[in-house]
Amino acid sequence: MPLPYPDPATFTSQPSFTDNADDLASLLDKHLCGNRDDALWLHQIGMALQPHDAGIDAKIFPTLFIDDDDDGDDDEETQPAALQIAIKLEQVLERVDLTEDMSEAGEPLRDALRWSYMTQARAQARDDDEFEALELAQKAVELMPSSTCTGNHGSAFMLMAQMLDEVGGNAQALVASIHRLVDSGGSTAHLLALPADFSALAAHILAQRQLQQNDQDIVLPRRQLSDSFFRFRYAEAEERQALIDRGLAMPDGDRQWTEMARTYLAMDSGWRIHEGDLYLPDGETIVDLNLIVTGDLICDVYSDEGECTVLILGDLRCQQVFSVYGLFVWGDAIVGDTVYQYYNDWAFEVVGTLSARGFIVQDKSAGAHKTVLDYHYNSYGFDNQLSDHAMYWAGLNPEKRGGASMNVLRRAYANGRSPYPAPPAHEARVQQHGEARAWQRRIVEGSLTAEETQAKLADPDWAWQIASLLPAPCWTPALLEQAGHHPEPRIRARTAARLTQGADTLFAHLASDPVAAVRAEAAFNAHCPTALWPALAGDEDADVRAALAYGRYACKTALPEALQLALASDQESRVRRAMAVQTDLVDTARQRLAQDPDEVVRSRLKEPR
């Protein structure tokens, strides 16, 4: 350091340097110039006293101590000279915002301030002030280096990791700093030298950030549930009250997980109801209405938009859940990857077992009676541990919330990957959760071999688990063919709902199934071949005919004029009601429906589309 600053080694060797704190302060003040260079000189003085970074348990200041109270003893009120200098350095820079200068030229000042924070943190740790020590270490870590020069940033990371390892505490600041370091383009090599638990997490986060950067902009097919609004009937007040009574009648251990559902059921919020299982096509289902499902709800990705509440009396079976609003499951919630719950005005409750790789809760009342989870996180601080913290191990920045994090997970899923480390071994899950749950996890995570999948689908005890849980990419044409010819109607119905373009032969087979519910799913499917429409429009079962009409409304596709006229004159009012909501009705069909004797038909015809 050029004049007027004395040489650090010579300066610290003066006898008067060790007398007392006041003398040291005066001595320092004689040489300070009132500019940034003061901090650089003070840093050199401090480093001359404290040449090596020390761990928490080592003698943090093995060099010089100052007697603050002039009694000649190094008692609890004494402070090391290096600490006095660190405090002085911070004061010199207290009006300088170093976070705005990320240049390489600014790194010496950032080095100096980090050293000040680390020195003070070590002193606080020595004095057992763990909270203050962690706060100071966090300040050092959060002072980001330039992209070309990391300075002592690695030492700051190491210090904070050591403190967290020794005294515990919230690692969020450390994890968030890893993400900021990646965002800034700085070197991350020093992160792999952290203590074992932290270096493993850091390596995983860095790998995930690279994968996130490489993820393609793949948009899954999206389908709004409100497109099927008219297919669901209105839930009467008596039905809602019966469900409230059903929740109250549950055993004590279960009843508490129905509280919010009962609260919402008591509100007349235009609830609709679907009888039995609700099969939804692969892709992202946008849930945007208040709905009661009396059976299972099976989909690929569950996302809610708009203020809505869903109550599932059976199971929720899907790959991802992104929920901001109300979701209540009175059976099990079995999810292949992540259940992400966000926003505190709503709630999520599971009476049965919640099973997922990761369960993330941010500012929301959310919980389950029983769980099978690899990773979990609750922003309210319930039992968050580094080893199974779902936000950290999903590669998410804990400082980002809600939609931003959900979109990272959406992109990962669309690109065919899970952000978490490899699942536990099957044997470990068997030991922890039992044989059935362990196999269920393998199915919903798509880790079965082709032979195992075919065998489970042929097994009556496991066929529904395969049909309702196996991820969409696992459904090969051969497996769909096996499911489409399965002896159980429930399996065939689920298959009919998930078929896509190119499966004309299997569509034709399911459209002529002996069970009307299977034919109805084929008729409702947006990809149902047009060649099958005339037969379905003339099906002997009115529900199948109505499903064909509702399916065209859901995918905004008009029926040919001849089929419009036939269905608009159908003898069953529920078929004509389905026709009344169609877009692009021909004039003749519209006129027939306008004169329909059924009031619901006439009123639906007048509703805006």
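The values are calculated or read from the model by the stated rules, or taken from the named source; none is laboratory data. Keep in mind it's a predicted model, so treat the numbers as computed, not measured. Virtual Cβ from ideal backbone geometry, glycine too; neighbours counted across all protein chains shown. Side chains included, ligands, DNA and RNA excluded: accessible areas come from the protein's heavy atoms. Shrake-Rupley method; radii C 1.70, N 1.55, O 1.52, S 1.80 Å.
A few points about this structure:
- Screening the candidates 450, 425 for the property of being without any contact (Cβ under 8 Å) to a residue 40 or more places away in the chain, closer than 17 Å to residue 336 by Cα and either of a type in the set (A, V, I, L, M, F, W, C) or surrounded by 13 or more Cβ atoms within 10 Å (Cβ to Cβ) (or both) yields one hit, 425.
- 3 or more residues more than 20 Å from residue 354 (Cβ to Cβ) and not hydroxyl-bearing (Ser, Thr, Tyr): qualifying strands (runs of 3 or more DSSP E) within the range 226-339: 272-274
- Some residue of the range 504-519 being in a loop (DSSP other than H, G, I, E, B), of a type in the set (D, E, K, R) and under 26 Å from residue 589 (Cβ atoms): no
- Here residue 455 meets the list (1) under 20 Å from residue 300 (Cβ atoms); (2) small (Gly, Ala, Ser); (3) part of a helix (DSSP H, G or I) almost entirely, failing just condition (1).
- Residues in the range 248-260 include none that are touching a residue at least 12 places away in the same chain (Cβ under 8 Å), of a type in the set (Gly, Ala, Ser) and closer than 23 Å to residue 307 by Cα.
- When 291, 265, 278, 316 are screened for being of a type outside the set (Phe, Trp, Tyr) and farther than 20 Å from residue 521 by Cβ, only 265 passes.
- Sole residue being in a helix (DSSP H, G or I), under 27 Å from the mean Cα position of the chain (by Cα) and closer than 30 Å to residue 146 by Cβ, chosen from 190, 179: 179
- Taking every residue in the range 333-361 that is farther than 19 Å from residue 389 by Cα and pairing it with any residue that is of a type in the set (S, T, N, Q) and open to solvent by 10 Å² or more (accessible area, probe 1.4 Å), at least 6 positions away or on another chain, the pairs with Cβ-Cβ distances below 7 Å are 334/440; 347/365; 353/371.
- Among the candidates 402, 326, 367, residue that is farther than 30 Å from residue 249 by Cβ and in contact (Cβ under 8 Å) with a residue 60 or more places away in the chain: 402
- Residue list for the range 361-394, restricted to those being surrounded by fewer than 22 Cβ atoms within 10 Å (Cβ to Cβ) and outside any strand (DSSP E or B): 363, 379, 380, 381, 382, 383, 384, 385, 386, 387, 388
- Restricting attention to the range 395-412 and to residues that are closer than 22 Å to residue 474 by Cβ and open to solvent by less than 40 Å² (accessible area, probe 1.4 Å), the residue that is nearest to the chain's Cα centre (by Cα) turns out to be 409.
- Being among the polar types (S, T, N, Q), at pLDDT 95 or above and in a loop (DSSP other than H, G, I, E, B) holds for only one residue in 418, 405, 355, and it is 418.
- Only residues that are open to solvent by 10 Å² or more (accessible area, probe 1.4 Å), assigned to a helix (DSSP H, G or I) and under 24 Å from residue 275 (Cβ atoms) were counted across the range 522-537, and they come to 2.
- Qualifying positions in the range 192-232 - exposed (fewer than 12 other Cβ atoms within 10 Å of the Cβ) and in contact with an Asp or Glu (Cβ under 8 Å, 6 or more places away or on another chain): 222
- Of the numbered criteria (1) closer than 24 Å to residue 409 by Cα; (2) in contact with a strand residue (DSSP E or B) (Cβ under 8 Å, 6 or more places away or on another chain); (3) in a helix (DSSP H, G or I); (4) of a type outside the set (A, V, I, L, M, F, W, C), the one residue 204 fails is (2).
- Candidates in the range 496-516 are the residues that are open to solvent by 60 Å² or more (accessible area, probe 1.4 Å) and under 15 Å from residue 551 (Cβ atoms); of these, the one that is nearest to the chain's Cα centre (by Cα) is 500.
- Condition check for residue 200 on (1) touching a residue at least 24 places away in the same chain (Cβ under 8 Å); (2) among the small types (Gly, Ala, Ser); (3) more than 21 Å from residue 277 (Cβ to Cβ): one failure, at (1).
- Members of the range 481-495 found to be open to solvent by less than 30 Å² (accessible area, probe 1.4 Å), without any contact (Cβ under 8 Å) to a residue 60 or more places away in the chain and either in a helix (DSSP H, G or I) or closer than 26 Å to residue 429 by Cβ (or both), listed by number: 483, 484, 491, 492, 495
- Flag for residue 253 being on the phi > 0 side of the Ramachandran plot and out of contact with any Asp or Glu (no Cβ under 8 Å at 6 or more places or on another chain): no
So that you can scan it fast, the table gives a plain yes or no per residue for (1) closer than 15 Å to residue 193 by Cα; (2) open to solvent by 10 Å² or more (accessible area, probe 1.4 Å); (3) aromatic (Phe, Trp, Tyr); (4) modelled with pLDDT under 85:
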| site | (1), (2), (3), (4) |
| --- | --- |
| 128 | no, yes, no, yes |
| 152 | yes, yes, no, no |
| 159 | yes, no, no, no |
| 169 | no, yes, no, yes |
| 176 | no, no, no, no |
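- Hey, residue 346 open to solvent by 20 Å² or more (accessible area, probe 1.4 Å), within 20 Å of residue 304 (Cα to Cα) and among the hydrophobic types (A, V, I, L, M, F, W, C) or not: yes
- Residue match in the range 95-117 (condition: out of contact with any Pro (no Cβ under 9 Å at 6 or more places or on another chain), open to solvent by less than 40 Å² (accessible area, probe 1.4 Å) and of a type in the set (Phe, Trp, Tyr)): yes
- Residue match in the range 68-84 (condition: assigned to a helix (DSSP H, G or I), open to solvent by 70 Å² or more (accessible area, probe 1.4 Å), modelled with pLDDT of 80 or more and not acidic (Asp, Glu)): no
- Helices (runs of 4 or more DSSP H) wholly inside the range 538-590 containing at least 3 residues that are touching a Gly at 6+ places or on another chain (Cβ under 7 Å) and open to solvent by 10 Å² or more (accessible area, probe 1.4 Å): none
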